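Okay, structure first, notes after.
Laboratory data are not the source of any read-out in this text; all were calculated from the coordinates shown. Note that the structure is predicted; figures quoted are calculated from it, not measured. Glycine gets a Cβ as well: all are built from the backbone with ideal geometry, and neighbour counts include every protein chain shown.
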Amino acid sequence: MKFGIRLRLLLAAVFPAIVVVSLLLFGFLDRHAADLVEALRDRGLASARQLGVAAEFPLFANHTEGLQRLTDAAMAGDRQIVAAAIYSAEGKSRSVSGRFSSPPPPLSAREESIVGNTLRVVVPIRAAAPVDDPFSDAGLAASSGGQGALLGYAVVELSLEVLNKQKRDLLNWSFATTFVGLLIAVMLSTLIAASVTRPIDHISRVVARIGEGELTTRTDVGKTGALASLARGIDAMAAQVAVTQDELRQQVALATEELRQQKEAAELTARVDPLTGLASRRAFTEKAEIEMLRSSRYGVPLSLIMIDLDHFKAINDNHGHPTGDAVLVSFARTLTQVVREVDVIGRLGGEEFAVLLPDTGAAEAVQAAERMRQAVAGSSLYVRGQQLSYSASFGVAAFDQTELSLSEFLARADAALYRAKAEGRNRVALADAPA
Amino acid sequence: MSTEPSPFLRRPFSAWVFALVLWLPGVAAGEESLVWLALSDRGGIYGEAAAVLAGEMARDARRTELQTLPWQEFQPSPARLPELIVTLGAGAFRGMVERTRKEPALAGVPILAALLPQASYEAVAPKPPFATSAVFLDQPVERYLDLIRLAMPERRKIGILFGSDSSTLKPALVKAAGIRGMQLVMASVEEESKDIYPALRSVLAEADVLLALPDRQIFNAGTLQFILIASYNQKIPVVAFSEAYVKAGAALVLHTSPAQAALQAASALRSFLLNRTLPPPRRSTTFSVAFNNPVARSLGLIPGEPDQLAATLRRKEDAR
């Protein structure tokens with residue numbers, strides 16, 4: 001990634017430069033090459049014209065030595081001229097100096113042509129026509145458009161070698177300059193790119209560490225350079241994340257504690273009857289089942305007393321529910337005072353109570369029930385300045401190991417209670433052994 | 001410039017009466033004679049000659065409508081065709097001969113050629129029944145010899161190059177030179193040969209003056225400059241036939257000026273309008289003399305005033 005960003009930044013800086021430089025370079029070379037050829041052509045034309053003017057009279061006089069001297073002089077005067085020649089109007093060679101790269105084609109008008117590695121320039125030699133001469137009128141119209149009579153041609157061939165060398169030199173120079181320039185550009189842009197990539201590297205590492213959970217990691221101000229504001233932002237973000245996580249943890253602990261307390265309270269509520277503080281039906285049932293198992297396993301006796309307040313409905317109706325509740329609380333306190341520590345009292349619902357008596361046989365249980373009946377009948381409570389007495393009926397059952405369930409055990413005690421009620425209330429009845 | 005009396009004025013009275021009779025029907029019909037004046041070129045010597053000719057014709061009592069244009073630009077109208085075409089210059093003559101051959105409307109229109117050398121006329125002029133005539137620029141050969149004798153009496157060896165146009169002049173020249181006690185150094189250039197230099201060299205080796213006679217094979221745009229240079233290098237003056245040669249470097253020239261040629265053409269035109277017949281071709285009757293002063297002086301010639309020389313020459317001819 002580091003290399004990727006650097007390369008991209010480099011390309012962003014150098015690629016347009018390469019395109020622009022290339023266009024300029026080729027445009028310049030093309031134009032310059034055209035200028036060079038144009039200059040050489042002008043030079044060739046000038047040489048050929050000069051040769052032509054000088055050759056007029058020797059050509060007329062058929063002075064071969066004179067013509068030869070002229071072409072030799074033309075060659076000596078310019079190193080780039082590799083061959084010079086004079087031709088008659090009929091195209092016959094009158095004098096040749098140097099070597100032509102190829103035999104000249106039929107000569108007609110002025111022309112310049114590039115043959116292989118040479119530039120050939122052909123210039124017609126014309127004699128000036130006399131002006132306003134009625135005697136030359138006919139001759140003029142017959143000859144070439146009033147330009148004067150054609151005497152011959154001057155042909156000059158110039159070497160393009162020097163030109164090509166100039167072109168090559170220019171090309172090499174251009175490429176070298178471009179290369180050096182681009183190298184400098186690359187170095188500069190690498191330096192400039194580093195000012196961006198180095199902070200990015202640093203910030204990337206910090207972000208990665210934060211991502212791994214090191215929320216306390218922070219950027220180094222000295223290394224963030226141009227991206228200082230981004231780094232500050234990332235620091236702030238990490239700090240915020242850390243704070244949020246602490247708060248969250250605290251809140252979770254609080255909620256968990258609350259939940260635990262609620263759970264404990266709920267459990268307590270389920271096992272204790274809120275009004276009387278006695279075991280709830282559920283707690284009593286669990287205890288009773290445990291005791292039934294113990295009794296079965298170890299063969300120890302176990303008894304159960306079912307209790308129901310007499311005429312409780314009448315108390316509720318006559319004195320109101322608060323009084324009913326007060327009676328229930330008083331009744332529970334009375335029972336608690338007369339039972340043993342190991343005995344379990346439970347409120348099974350409404351005015352119905354039960355007492356579990358471990359290690360107690362039927363006879364002892366009846367005695368305990370009788371004690372309870374007397375204590376209840378002897379107790380009283382004041383309601384709005386009025387003494388209120390009440391009584392209860394007791395059904396006693398002794399556990400039999402053939403009994404498979406608590407409900408059967410309870411049902412037998414309940415049946416005994418029913419009999420006590422039926423026999424006139426405020427008494428104790430013992431249940432029969434199971435059939 | 002010559003002021004020789006026009007042949008027109010020298011006509012006998014009976015001719016005037018005859019001309020009047022011929023002319024009367026035209027006057028009765030209210031028509032002017034239409035004459036085309038066709039030029040080789042719009043300006044230069046042709047324009048100058050045309051102006052002189054037009055001015056001369058305007059002086060006549062008899063009205064002649066003269067349309068002046070370069071020869072290519074005439075548009076013949078079937079309603080009114082020219083009675084005569086006067087051409088100024090060899091090019092105009094050649095062009096108009098061609099047109100009368102090709103354009104039915106112009107067929108049979110007579111042509112009077114002026115301001116052209118005899119050789120150019122003869123090369124193109126059709127055979128009868130085509131009616132053509134001419135006023136040539138060429139001078140009689142005797143006149144050249146007389147001029148040389150007047151202007152440079154000590155030079156008696158006259159060098160002459162003959163080509164196909166000028167070879168016919170040889171007998172007349174030989175005769176005239178004999179009469180005047182002059183020696184001719186002659187060389188002929190073969191008809192097809194373009195290389196005149198060997199002949200020129202042989203002539204310049206012996207002659208002390210070079211007489212140039214109109215000949216397109218020898219004196220043309222391709223040779224003139226070099227003949228003048230070669231002669232000058234040998235200190236031999238060139239006597240030539242066209243004013244243009246003076247500008248090019250000939251020492252002395254005997255020529256017919258455009259105005260002179262125009263006047264001679266005007267005279268022939270008047271003759272045609274009177275007689276409805278073209279006079280026969282004639283050589284120049286009038287002439288001028290011109291020098292190239294620097295060239296003449298450097299060759300040791302002191303010819304005097306050109307006009308004076310021409311006048312002396314004319315007096316000699318008249319006296320003969």
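For this structure, a couple of remarks:
- Globularity index of chain A, i.e. its alpha-carbon radius of gyration over 2.2 N^0.38 Å: 2.99
- Averaged over the residues of B:213-224, the number of partner chain Cβ atoms lying within 10 Å of the residue Cβ comes to 6.
- Gyration tensor verdict on segment A:364-435 (Cα atoms; rounded if a/c is under 1.5, prolate if a/b is larger than b/c, oblate otherwise): prolate
- As a length-normalised measure over Cα pairs under 8 Å and 6 or more apart, the relative contact order of segment A:281-430 settles at 30 percent.
- Residue-averaged beta-carbon neighbours from other chains (10 angstrom radius) around B:268-278: 0
- Candidate lysines - alpha carbon under 23 Å from A:K287, same-chain residues fewer than 8 apart omitted: A:K263
- Summarised as an ellipsoid, segment A:1-118 has semi-axes of 53, 12, 12 Å, derived from the eigenvalues of the Cα gyration tensor scaled by 5 and square-rooted, with the largest first.
- For the pair B:A51 and A:K165, label points projected 7 Å from Cα toward Cβ lie 6.2 nm apart.
- In this simple spin-label approximation, A:A422 and B:R62 carry label points 7 Å from Cα along the Cα→Cβ vector, and these lie 19.0 nm apart.
- Span from the segment A:242-271 Cα centroid across to the segment B:79-135 one, whole angstrom: 138 Å
- Of B:A212, B:A61, B:A172, the one that fluctuates the most in a GNM where chain B has Cα springs shorter than 10 Å: B:A61
- Label-to-label distance, nm, for residues given as B:R282 and A:V243 (7 Å Cα→Cβ offset): 13.3 nm
- Comparing B:S271, B:S166, B:S193 in a Gaussian network model of chain B (Cα springs below 10 Å), the most mobile by mean-square fluctuation is B:S193.
- Positive-pole candidate from A:A429, A:V383, A:V338, dipole of segment A:281-430, charges at beta carbon: A:V383
- The amide H of A:G91, built 1.01 Å from its N in the peptide plane, has no neighbour under 5 Å, considering only residues 5 or more places off or on other chains.
- Segment A:S113..A:A314, full-extension length gain: 58.1 nm, with 0.36 nm per residue of separation and the alpha-carbon distance subtracted.
- Taking amide H as placed 1.01 Å from N in the peptide plane, B:A131 has its amide H under 5 Å from the amide H of B:I111, each at least 5 places away in sequence or on another chain.
- As a length-normalised measure over Cα pairs under 8 Å and 6 or more apart, the relative contact order of chain A settles at 11 percent.
- Modelled FRET efficiency - R0 51 Å, A:D35 with B:L69, Cβ distances, 0.05 increments: 0.55
- On the principal axes of its alpha carbon atoms, the protein assembly as shown extends 211, 77, 49 Å, with the longest extent given first.
- Peptide A:60-67, shielding by other chains (average Cβ, 10 Å cutoff): 3
- Relative contact order for segment B:165-251: 27 percent, from Cα pairs under 8 Å spaced at least 6 residues apart, divided by residue count.
- Candidate lysines for bridging to B:K157, where Cα separation is under 27 Å - those fewer than 8 sequence places away on the same chain excluded: B:K170, B:K175, B:K194, B:K235, B:K247, B:K316
- Scattering profile of chain B at q = 0.15 Å⁻¹ [log10 I(q)/I(0), Debye over alpha-carbon scatterers]: -1.20
- Calculated FRET efficiency, A:V300 to A:A253, Cβ-Cβ distance, R0 = 35 Å: about 0.15 to the nearest 0.05.
- Solution diffusion estimate, µm²/s, Stokes-Einstein, segment A:281-430, Kirkwood Rh from C-alpha pairs, 25 °C, viscosity 0.890 mPa s: 158 µm²/s
- Estimated FRET transfer efficiency (A:Q337, A:D400; beta-carbon r; R0 22 Å; 0.05): 0.15
- Cα-based shape type of segment B:182-246, given that a ≥ b ≥ c are square roots of the gyration tensor eigenvalues and the cut on a/c is 1.5: rounded
- Residues in segment A:212-229 carry Karplus couplings, in order, of 7, x, 7, 6, 8, 5, 9, 6, 9, 4, x, 10, 8, x, 5, 9, 4, 5 Hz; the curve used is 6.51 cos²θ - 1.76 cosθ + 1.60 with θ = phi - 60°, and Gly or Pro positions show x.
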